[in-house]
Amino acid sequence: MNPLCSQCGENVPEDFDVCPYCGTLVVREKDEEGNAAIGQDLSNGFPRCQNCGVVLDGKETFCGRCGFLVDGPGECRDCRTRIGAEDRYCTGCGRLVRPEKLQKSSRPIAALLLGLIPGMFSIWGLGQFFSASMRKGILFFVLGLVLALVAPVSLVVLISDIGELAGLSILGLVLWVALWILQAIDAYWEAGGE
């Protein structure tokens, strides 16, 4: 008969030194007849994965079972609560304990600049390509090429003072500016900006 795990109560197979259900380290003691006795829990002195609970030997950077980042236990300087590897805030008092985990990525800003600066010259979609949104990038690139033809014609119409087409040319310029800003903002959002 397989012994029961002292942590979760499940049967631990004969060839296992660790409970397959909760990760508790189990050492089997032999009785006088050489049969395995019920295992004892030796996990108290060993660190555990904060994600899956498997017992670790203390040398790992990542958990061998679930891949979770293993970090030495920290301690909140205000309330002395133990802090896990992935915790940003103390679970006891709510204090921010790892501000470096809140740093923003520069990808949204780079995508925004790729949308704005080349976009002034009707080269649209570069921010979307940077954010790996290929369909939107192609769509905005084609729109930029089409409106690159409309914008100079609109300027010529305004400068030439052709009355009938002045309203239409102003509409074309407003549309060009609106789509230029829209594609830059979309590039920012696609890159993870908030």
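The values are calculated or read from the model by the stated rules, or taken from the named source; none is laboratory data. All of these numbers come straight from a predicted model, not from anything done at the bench. All Cβ positions, even for glycine, are placed from backbone atoms using ideal geometry, and neighbour counts span all protein chains on display.
Kindly evaluate THR61 against the criterion of being hydroxyl-bearing (Ser, Thr, Tyr), at pLDDT below 75, more than 30 Å from SER131 (Cα to Cα) and under 27 Å from the mean Cα position of the chain (by Cα). Here the answer is yes, as THR61 does meet what is asked. For region 178-194, filtered to residues that are charged (D, E, K, R) and surrounded by 16 or more Cβ atoms within 10 Å (Cβ to Cβ), the residue that is modelled with the highest pLDDT is ASP186. The condition of being at pLDDT 80 or above, more than 28 Å from LEU56 (Cβ to Cβ) and surrounded by fewer than 16 Cβ atoms within 10 Å (Cβ to Cβ) holds for only one of LEU149, LEU175, LEU155, that being LEU175.
When you check PHE46 against the structure, is it of a type in the set (Phe, Trp, Tyr) and at pLDDT below 65, yes or no? Here the answer is yes, as PHE46 does meet what is asked.
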